[in-house]
Structure formats: C-alpha cells, structure tokens
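Please read the structure below before turning to the comments.
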Amino acid sequence: MPELRLDRITKHFKNKIAVDNVSLVLNEGVYGFLGANGAGKTTLLRMICGVLKPTAGEIQCNGTEIGRLDGDYRYLLGYLPQDFGYYPDFTARRYLEYLAACKAVPKDLAKEKVREMLRLTGLEGEQKNKIKTFSGGMLRRLGIAQALLNDPEILILDEPTSGLDPKERIRFRNIISSLSKGRIIILSTHIVSDVEFIADEILLMKQGQLIEQGTVAKVTGSVNGKVWEYLAKPDEAVRLNDAFAVSNLKNEGEMVRLRIVSDSCPCEGAVQTPPGLEDVYLYHFEEVSEHVDHLERRNL
C-alpha cells in the first residue's frame, strides 16, 4: 500500500503563486480537498500526478521521489481530470479497451477489467453506444471507469461531479465509497456534499495554502460557537443577509429562519447552533455569501 509524502510543495506561474509551501502525508483513505475555484487544488493534483513539476519541494511515494519512479509510479495512478479526453465516435467498450492497452494492462486481463468497470459504473447496458450520445453523468462515470482500469492504488479525481444532477452525484459517492479500501483516493471539489459523507479527512485550500485538515468532526469543530440561527421578519432578514455570511435561509410562514456564520452574535435573540461542513466552507470562503444573497433574496 503506497504512502504519498508532500514536502513543502510550491508552484509558481510567472508572478503568481498557485501552490504555496504545502506539506502533507497521505495513506489509505479518502481525502476531500475543498476550496473555491482558483484555490490551487487542480495545480496540486497535477503535481501529485506528475503532470506538472513543482517549483520547489518534493513529492515522494514510499520514500522515493516520483520523478525517479517514472513508469512504476504512473502504474500506481488512476487520474480523472476535470476535462478528460475521449473519442466521441468510439463506443464505451472500445474506448476502455483502447485505454487498457495504453495503460499496459495485460491482454488476458484487459477484457475482463473492461467488463468489470462497465458493471461498476452502471454502463454495462451502454457499452455498444457511441460516447457522443452520452449524458454528462454517463461521461463522468466513463471517466471513473478509465481511471480504474489498471486497478490503481492512488486514485485522483478532480471536480468529478461537476455538472451532475443530485442522483448522479449520489451514485458517484457510492462508487467511491466502495473503492476506498486499500487505496489513497484524493477527491478535489468545491461541492461540500461530495465529500462530507465519504471523506476520512477534509483538507481546505485557500490561495494555494492548506489552511485546515482533519476529520469532518475536527474541521467543523474549528467553527464551534460561530454558527447562529435567528428567526427574522423578511425586511430584517434582507438586512442581515447583507451584513453577514448566511449559509441558509428558510421561509417559515411570515418569518424567515437564517443560519448565520459569524465570530460574534449577529443580533439580539440569535442562538448558537452546531456547525456543519458548509458552515466551515462559508467561514473561510465568504465570497460564497454573494451567491447565497443572489439566490435567496429572490425568495424573500
């Protein structure tokens, strides 16, 4: 079973620091990387995959720098980027058979691995259909299938549920949970629910730095005493929404219940409530509140 060790990893692009001095040790389990777009998640994952070289620092697998391992390291990897390449006129089965050959999966195993991955991802009934006819959810499942063809010990998934409907996201989470034994799985996303129920550890990235790491309980515990609920009249709810980071609004008859993330009591009558992972995300990435304002104010 592999161990990944990141030692002071930094990546510069001209005058921008995309990843800033990240150190981390990863063993068996599911790791959920959370952060806003531009936080450095994709750059970090591409360095772990060996697609990019760090400006400074070193990534080791089982004590050896990954560049020195070369093909041996790539054989351990399964990677699903945000936009993976495919041939639209290939059928699903032909595409997976082609990639199995590219990954040097032995011929006597390749056909069985393709059948296994089609079953696992629920695409067995679609195997003879051309990829260009697939929905977004089916494409993401095909991406997972190709990432697993070589039975990787390190599985890296970058924004894997982007554009999926809730049913497809649940299907995806169940697949990942079923694969977690004996593997390092790194799941990068900005969708909190994708990792809240399946990740063994949560890692928060902001402006290229790792700012929080731990179990869901530990990470949510970091904002204990900073989440409040308050029942307000609609005009007061609008004012509070403008003044504070609000993670949820709910109409209750003539009143509006707000869930507010704030270091101090936002208003008289607000009561503390146990935090969730979305509250943690909002606490660190307050730009999300602008999105909440825009969506929720229309409902007030």
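The values are calculated or read from the model by the stated rules, or taken from the named source; none is laboratory data. From a predicted model like this one, the values you see are computed outputs, not experimental measurements. Using ideal geometry, Cβ is built from the backbone for each residue, glycine included, and neighbour counts are taken over all protein chains shown. Ligands, DNA and RNA are stripped out before the accessible areas are found, and what is left, the full protein with its side chains, is counted by its heavy atoms. Shrake-Rupley method; radii C 1.70, N 1.55, O 1.52, S 1.80 Å.
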- Please work out which residue is farthest from Lys130 (Cα to Cα), limiting yourself to segment 74-94 and to residues that are modelled with pLDDT under 95 and aromatic (Phe, Trp, Tyr). Tyr75
- Note on segment 51-74: residues outside any loop (DSSP other than H, G, I, E, B) and surrounded by fewer than 16 Cβ atoms within 10 Å (Cβ to Cβ) are Ala56, Glu58, Thr64, Glu65, Gly67, Arg68, Gly71, Asp72
- Scanning segment 53-97 for residues that are free of Cβ contacts under 8 Å to residues at least 24 places away in the same chain and under 24 Å from the mean Cα position of the chain (by Cα) gives Lys53, Ile66, Tyr73, Asp83, Gly85
- Query: Which residues, taken from segment 239-248, are open to solvent by 20 Å² or more (accessible area, probe 1.4 Å) and touching a strand residue (DSSP E or B) at 6+ places or on another chain (Cβ under 7 Å)?
  - Reply: Phe244, Ser247, Asn248
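Yes or no: Ser188 hydroxyl-bearing (Ser, Thr, Tyr), buried (at least 16 other Cβ atoms within 10 Å of the Cβ) and either outside any loop (DSSP other than H, G, I, E, B) or in contact with a His (Cβ under 7 Å, 6 or more places away or on another chain) (or both)? Talk me through it step by step, then tell me what you get.
Details: hydroxyl-bearing (Ser, Thr, Tyr): yes; buried (at least 16 other Cβ atoms within 10 Å of the Cβ): yes; either outside any loop (DSSP other than H, G, I, E, B) or in contact with a His (Cβ under 7 Å, 6 or more places away or on another chain) (or both): yes.
Here the answer is yes, as Ser188 does meet what is asked.
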- Among the residues of segment 13-50, the number that are assigned to a strand (DSSP E or B) and surrounded by 14 or more Cβ atoms within 10 Å (Cβ to Cβ) is 14
- Message: Within segment 76-93, does at least one residue satisfy the condition of being of a type in the set (Val, Ile, Thr), under 26 Å from Leu187 (Cα atoms) and open to solvent by less than 60 Å² (accessible area, probe 1.4 Å)?
- Response: no
- Looking at (1) open to solvent by 30 Å² or more (accessible area, probe 1.4 Å); (2) part of a loop (DSSP other than H, G, I, E, B); (3) touching a strand residue (DSSP E or B) at 6+ places or on another chain (Cβ under 6 Å), which is the one condition that is false for Pro152? (1)
